[in-house]
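Below is one structure, written out as structure tokens; the observations come after it.
Values in this text are rule-based calculations from the coordinates and carry no lab data. Keep in mind the model is a prediction, meaning the values are calculated, not measured. Please note: Cβ atoms are built from the backbone with ideal geometry, for glycine as well, and neighbour counts cover all protein chains shown.
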Amino acid sequence: MSKMQLDIVTPEKIVYSDQVDMVITRAANGDIGILPKHAPLVSPLQITAVRVKKDGQEEQIAISGGFIEVRPDKVTILAQAAEFAGDIDVERAKRAKERAEERLAKSEGDLARAERALKRALNRLEVAQSANK
Ligand code: ATP
């Protein structure tokens, strides 16, 4: 089966760089599944999981928004932050979720910012679960 290069990059580091079979993620307009030879595309990404399929294995990476660029032989994801499922600190994400929920419950401060923090925390908790399957 033909493969494509996947690079996931944050302002801090290269999180992932390898040849893969398929990438599934959530772009601004909905879920996209990308196989090699996909049509070129640029899109914002939501706070979401990136599911990477390679040699019959799947792994998930939590990303906190960013952009995806697809070319027939290469997918590049530029993300604010990205963590492998197994590297996610679940207790930290739970604390972030509680803080955001408190701010939203009290309607305190910048609510759009609290919503985004909540989304990041929920996304991390969901992706972390995939590491235990
Ligand atoms: P927190 O309030 O816990 O810092 P946050 O959503 O505000 O969460 P970010 O600003 O998105 O955090 O990320 C800051 C850095 O911390 C990034 O490098 C990110 O990968 C890392 N990070 C954030 N939360 C976690 C977590 N639960 N487990 C592992 N790394 C995390």
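For residues that are near the ligand (Cβ under 9 Å from one of its atoms) and of a type in the set (Asp, Glu), scanning just the range 50-97, find the one that is farthest from the chain's Cα centre (by Cα).
Checked the range 50-97; the qualifying residue farthest from the chain's Cα centre (by Cα) is Glu91.
So which residues in the range 65-80 are out of contact with any Asp or Glu (no Cβ under 9 Å at 6 or more places or on another chain) and assigned to a strand (DSSP E or B), if there are any at all?
Gly65, Gly66, Phe67, Ile68, Glu69, Val70, Arg71, Ala79
Of all residues in the range 81-97, how many are surrounded by 15 or more Cβ atoms within 10 Å (Cβ to Cβ) and assigned to a loop (DSSP other than H, G, I, E, B)?
Here the count works out to 2.
Tell me which residues, restricted to the range 111-133, are free of Cβ contacts under 8 Å to residues at least 12 places away in the same chain and buried (at least 16 other Cβ atoms within 10 Å of the Cβ).
Within the range 111-133, no residue meets the criteria.
Among all residue pairs at least 6 apart or on different chains, which show Cβ distances below 8 Å where the first residue, located in the range 83-96, is over 8 Å from Ala128 (Cβ atoms) and the second is within 6 Å of the ligand (Cβ to nearest atom)?
Glu83/Arg124; Ala96/Ala117; Ala96/Arg120; Ala96/Arg124
Here's a check for you: in the range 98-110, which residue that is in a helix (DSSP H, G or I) and away from the ligand (no atom under 12 Å from the Cβ) is surrounded by the fewest Cβ atoms within 10 Å (Cβ to Cβ)?
Only one residue fits best here, namely Ala105.
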